[in-house]
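Below is one structure, written out as structure tokens; comments come after it.
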Amino acid sequence: EKAGFDHFMLKEIHEQPKAYRDTIGSRIDGSGERVVLGEVKLTPQQIWDIHNIHIVACGTAYHAGLVGKSVIEQLARIPVETDVASEYRYRAPIITPNTLVIVVSQSGETADTLAALREAKRCGARVIAITNVVGSSVSREADDVIVTWAGPEIAVASTKAYTSQLIAFYLLGLHLAQTLGTQDATYIRETIEALQKLPEQVEQILLHAEDIKQYAEQIAEHDDLFFIGRGSDYAVAQEGSLKLKEISYIHSEAYAAGELKHGTLALIEEGIPVIALATQEHLLEKTVSNIKEVKARGAQVFAIALEGNHEIAKSVDLVFEIPRTVALLAPALVVIPLQLLAYYASLARGNDVDKPRNLAKSVTVE
Ligand code: M6R
């Protein structure tokens, strides 16, 4: 059942090219110029009437929602807030009939996410669910459902569900942009082309899993480390940090690179590993200066950057290159080495990779 892989997690990491292809599926028209989200019944008028969007989820799905926020804001220019469900439901969120609420849940059964969905509906909002389980509670109660076709996810640590959720956000963002006219046809076509290249690019990254394994064996010796990034790299850094904590039990923190000097830099000492995500090239100069700050204090910096980025390569101790894509879509690639890193670090520490201590796959209690 593990199809020759040692663990479900590794199998699921390798299933991502297929999960991307299946989630994109027939949601792009034959000309390759438009997204067709038939399952979203929102009319153009209803889309025009959206004043703001709330994305609500837990854990890894919340991290997908952080990327979703930047994707929708950039593509559709609608203000988006992303919340963890257990906070959202108790903070008396300001929900109006012009608020679109998007709940994200692999299982579709997470108690807090379901409660947030119900609260949103009670306040008159329209709710879209992004879920991996057809017929789940969340899918039954939402107004619209975008199914992520990742297939069953068995490992407690979510991998292919997260990346399929990113694909769902790209499709939804493009769908909103097409209706609102916030992006021109060329931009939409080029983004769709780049989206369709992602599965093959993930395959290329997976060919270099051995490089990540070697680095993971080094960090398995450490007790603390940091992830830094700017923009959507910061959102992915938070997911990378959660994945590592969850299965390797190594303490890590994800920081917006520009925030380090507001306190956290005090923790940087000789030899501490810092993983810098640097795919957002419009922010490169700033990220490089943050890398210099940690290096000057003795950090060992491992960067993940787009192929051919010499500026990063010369500023760090080790660089892992991922294939080039547009900035918007980079999260769907840069997270892959982070998943592998967590997997191999957990393995090096002799942990039960698929069933980490204290955790359950589906959290149906509040
Ligand atoms: O089924 P859900 O997507 O609603 O689950 C949400 C979280 O419990 C889940 O993503 C959790 O954080 C994962 N174990 C992380 O790998």
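Could you check, for the stretch 228-236, whether at least one of its residues is within 16 Å of the ligand (Cβ to nearest atom), part of a helix (DSSP H, G or I), open to solvent by less than 40 Å² (accessible area, probe 1.4 Å) and in contact (Cβ under 8 Å) with a residue 40 or more places away in the chain?
yes
Starting from the stretch 245-261, keep only residues that are within 22 Å of M9 (Cβ to Cβ), then list their pairs with residues that are among the polar types (S, T, N, Q) and open to solvent by 10 Å² or more (accessible area, probe 1.4 Å) whose Cβ atoms are within a distance under 6 Å, requiring at least 6 positions of separation or different chains.
Partner pairs satisfying both residue conditions: A254/Q238.
Residues of the stretch 106-140 being in a loop (DSSP other than H, G, I, E, B) and not hydrophobic (A, V, I, L, M, F, W, C), which ones?
Residues of the stretch 106-140 that are in a loop (DSSP other than H, G, I, E, B), as a first pass: 106-110, 123-125, 132-136.
Q106, S107, G108, E109, T110, G124, N132, G135, S136, listed by residue number.
Is there any pair linking a residue in the stretch 43-60 that is under 27 Å from E87 (Cα atoms) to one that is away from the ligand (no atom under 16 Å from the Cβ) and of a type in the set (D, E), with Cβ under 6 Å and at least six apart or on different chains, and which?
H54/E81
I need the full set of residues from the stretch 279-290 which are buried (at least 22 other Cβ atoms within 10 Å of the Cβ) and among the β-branched types (V, I, T), in order please.
Result: T279, T287.
Please work out which residue is nearest to the ligand (Cβ to nearest atom), limiting yourself to the stretch 79-106 and to residues that are open to solvent by less than 10 Å² (accessible area, probe 1.4 Å) and in contact (Cβ under 8 Å) with a residue 60 or more places away in the chain.
Taking the stretch 79-106 and keeping what is open to solvent by less than 10 Å² (accessible area, probe 1.4 Å), we get 80, 85, 88, 99-105.
Those still in the list that are in contact (Cβ under 8 Å) with a residue 60 or more places away in the chain too: 102, 104.
On the way: I102: 13, V104: 7 Å.
Taking the candidates together, the pick is V104.
Restricting attention to the stretch 21-32, does a residue exist that is open to solvent by less than 50 Å² (accessible area, probe 1.4 Å), closer than 18 Å to Y162 by Cα and in a helix (DSSP H, G or I)?
For the stretch 21-32, residues open to solvent by less than 50 Å² (accessible area, probe 1.4 Å), closer than 18 Å to Y162 by Cα and in a helix (DSSP H, G or I): present.
Scan the stretch 323-346 and tell me whether some residue there is part of a helix (DSSP H, G or I), touching an Asp or Glu at 6+ places or on another chain (Cβ under 8 Å) and more than 30 Å from I154 (Cβ to Cβ).
yes
Suppose we filter V156, V145 for residues that are at pLDDT below 95, open to solvent by 10 Å² or more (accessible area, probe 1.4 Å) and within 28 Å of R118 (Cβ to Cβ); which single one remains?
On the way: V145 fails: at pLDDT below 95.
When all the criteria are applied, what remains is V156.
Report whether or not A305 is among the small types (G, A, S) and either under 21 Å from D224 (Cβ atoms) or open to solvent by 50 Å² or more (accessible area, probe 1.4 Å) (or both). Can you show your working first?
On the way: among the small types (G, A, S): yes; either under 21 Å from D224 (Cβ atoms) or open to solvent by 50 Å² or more (accessible area, probe 1.4 Å) (or both): no.
No: the conditions fail for A305.
Among (1) within 16 Å of the ligand (Cβ to nearest atom); (2) open to solvent by 40 Å² or more (accessible area, probe 1.4 Å), where does V56 come up short?
Condition (2) is where V56 drops out.
If you take the residues of the stretch 59-77 that are open to solvent by less than 10 Å² (accessible area, probe 1.4 Å) and away from the ligand (no atom under 16 Å from the Cβ), which of them is farthest from Q178 (Cα to Cα)?
For the stretch 59-77, the residue satisfying everything is V71.
Which condition breaks for V134 when tested against (1) within 16 Å of the ligand (Cβ to nearest atom); (2) open to solvent by less than 40 Å² (accessible area, probe 1.4 Å); (3) in contact with a strand residue (DSSP E or B) (Cβ under 9 Å, 6 or more places away or on another chain)?
Status for V134: all satisfied but (2).
For (1) over 28 Å from Q165 (Cα atoms); (2) open to solvent by 20 Å² or more (accessible area, probe 1.4 Å), each residue gets a yes or a no:
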residue: G271; (1), (2): yes, yes
residue: A296; (1), (2): yes, yes
residue: I312; (1), (2): yes, no
residue: L338; (1), (2): no, no
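Restricting attention to the stretch 348-366, which residues are without any contact (Cβ under 8 Å) to a residue 24 or more places away in the chain and either open to solvent by less than 60 Å² (accessible area, probe 1.4 Å) or away from the ligand (no atom under 16 Å from the Cβ) (or both)? Can you show your working first?
Here is the first cut: in the stretch 348-366, the ones without any contact (Cβ under 8 Å) to a residue 24 or more places away in the chain are 350, 352, 358.
Residue satisfying the conditions is G350 alone.
So, in the stretch 146-196, of the ones that are among the hydroxyl-bearing types (S, T, Y) and over 15 Å from the mean Cα position of the chain (by Cα), which residue ends up nearest to the ligand (Cβ to nearest atom)?
From the stretch 146-196, those among the hydroxyl-bearing types (S, T, Y) are 148, 158-159, 162-164, 170, 179, 182, 186-187, 191; that's our starting set.
Of the ones still in play, those that are also over 15 Å from the mean Cα position of the chain (by Cα) are 179, 182, 186-187, 191.
Details: T179: 27, T182: 29, T186: 35, Y187: 31, T191: 26 Å.
Filtering the stretch 146-196 for residues that are among the hydroxyl-bearing types (S, T, Y) and over 15 Å from the mean Cα position of the chain (by Cα), the one nearest to the ligand (Cβ to nearest atom) comes out as T191.
Go over the candidates L206, L198, L225 one by one and state the one that is open to solvent by less than 10 Å² (accessible area, probe 1.4 Å) and out of contact with any Pro (no Cβ under 7 Å at 6 or more places or on another chain). Please lay out each step first, then the result.
Details: L206 fails: open to solvent by less than 10 Å² (accessible area, probe 1.4 Å); L225 fails: out of contact with any Pro (no Cβ under 7 Å at 6 or more places or on another chain).
That would be L198, the only listed residue that is open to solvent by less than 10 Å² (accessible area, probe 1.4 Å) and out of contact with any Pro (no Cβ under 7 Å at 6 or more places or on another chain).
Farther than 30 Å from H14 by Cβ and within 9 Å of the ligand (Cβ to nearest atom): which single residue out of D143, D112 fits that description? Show your work before the answer.
Working: D143 fails: within 9 Å of the ligand (Cβ to nearest atom).
Every option except D112 fails the conditions.
Residues of the stretch 172-187 being closer than 19 Å to S70 by Cβ, assigned to a helix (DSSP H, G or I) and open to solvent by 10 Å² or more (accessible area, probe 1.4 Å), which ones? Reasoning before the result, please.
We begin by selecting, within the stretch 172-187, every residue closer than 19 Å to S70 by Cβ; these are 172-178, 180, 182-183, 187.
Next cut, assigned to a helix (DSSP H, G or I) only: 172-178, 180, 187.
Answer for the stretch 172-187, where residues must be closer than 19 Å to S70 by Cβ, assigned to a helix (DSSP H, G or I) and open to solvent by 10 Å² or more (accessible area, probe 1.4 Å): H175, Q178, L180, Y187.
The values are calculated or read from the model by the stated rules, or taken from the named source; none is laboratory data. None of the values given here were measured: they were computed from a predicted structure. Ideal geometry is used to build each Cβ from the backbone, glycine not excepted, and the neighbour counts take in all protein chains shown. Just so you know, the surface numbers come from the protein's heavy atoms only, side chains and all, with ligands and any DNA or RNA stripped out. Shrake-Rupley method; radii C 1.70, N 1.55, O 1.52, S 1.80 Å.
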